[in-house]
Amino acid sequence: YDYTPNVIGKVSLTQGWGSVAGFVAYDGTAEEWALKGFASIKATQQLTLELLATYNSDDNWYSNGYEYSFGGHLKYAATPKLALGLGGQYFGEKHGTNADDWTIGGVVDYALVENFNTKIAVNYNDGDSYADGTFSGFIRFQRDF
């Protein structure tokens with residue numbers, strides 16, 4: 001077994017307008033690497049645009065299973081407790097099959113009380129990997145300490 005360590009790096013910047021971050025990871029066992037870039041831009045006090053892009057040299061521990069991907073999410077803070085979001089992501093060249101897939105979805109974030117939040121998400125997934133489109137989603141309750 002090869003005990004070469006994995007290497008991970010991050011560079012980020014946060015300002016009043018939003019933030020950007022870049023990540024790089026090397027999987028020593030698979031001898032492959034991954035890149036991810038993320039931007040969060042405050043268009044207004046209530047409206048935030050988030051952008052994401054990834055690239056993977058091949059299948060590895062940090063891979064999302066595709067060679068590349070890009071997506072976006074628009075989040076609207078309706079009230080101090082309620083935020084609504086819509087987004088989508090494209091996944092290109094799935095490792096092993098070269099399938100191209102995509103997903104679109106909506107998210108509702110609600111602060112039940114201070115430090116206790118819930119998130120409800122519904123997504124529609126389609127593309128080459130799906131005979132018919134599928135729906136997925138989740139409900140999450142999160143307590144922060």
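When S40, S12 are screened for being more than 20 Å from W61 (Cβ to Cβ) and under 15 Å from the mean Cα position of the chain (by Cα), only S40 passes.
Here's the yes/no breakdown for (1) of a type in the set (G, A, S); (2) in contact with an Asp or Glu (Cβ under 9 Å, 6 or more places away or on another chain):
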{"residue": "W61", "(1), (2)": "no, yes"}
{"residue": "Y68", "(1), (2)": "no, yes"}
{"residue": "P80", "(1), (2)": "no, no"}
{"residue": "A83", "(1), (2)": "yes, yes"}
{"residue": "N98", "(1), (2)": "no, yes"}
{"residue": "W102", "(1), (2)": "no, yes"}
{"residue": "G106", "(1), (2)": "yes, no"}
{"residue": "Y124", "(1), (2)": "no, no"}
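Residue pairs whose Cβ atoms lie under 6 Å apart, sitting 6 or more positions apart in sequence or on different chains, and linking a residue in the stretch 32-45 that is among the aromatic types (F, W, Y) to a partner that is in a strand (DSSP E or B), are W33/Y26; F38/A21; F38/L52. Comparison of N60, N6 shows that the only residue that is more than 25 Å from V108 (Cα to Cα) and without any contact (Cβ under 8 Å) to a residue 40 or more places away in the chain is N60.
Condition check ((1) in contact with a strand residue (DSSP E or B) (Cβ under 7 Å, 6 or more places away or on another chain); (2) surrounded by 15 or more Cβ atoms within 10 Å (Cβ to Cβ); (3) part of a strand (DSSP E or B); (4) at negative phi) across all residues:
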site	(1), (2), (3), (4)
G96	no, no, no, no
T103	yes, yes, yes, yes
D109	yes, yes, yes, yes
A121	yes, yes, yes, yes
A131	no, no, no, yes
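Of the residues screened, L49 is not one that is assigned to a strand (DSSP E or B) and either free of Cβ contacts under 8 Å to residues at least 12 places away in the same chain or exposed (fewer than 15 other Cβ atoms within 10 Å of the Cβ) (or both). For the stretch 69-98, a tally of residues being hydrophobic (A, V, I, L, M, F, W, C) and either under 16 Å from the mean Cα position of the chain (by Cα) or at pLDDT below 95 (or both) returns 4. Looking across the stretch 10-53, the residues that are more than 20 Å from T103 (Cβ to Cβ), touching a strand residue (DSSP E or B) at 6+ places or on another chain (Cβ under 6 Å) and hydroxyl-bearing (S, T, Y) come down to S12, S19, Y26.
The values are calculated or read from the model by the stated rules, or taken from the named source; none is laboratory data. What you see is a predicted model, and the numbers here were worked out from it, not measured in a lab. So basically every Cβ, Gly included, is an ideal-geometry build from the backbone, and we count neighbours across all protein chains shown.
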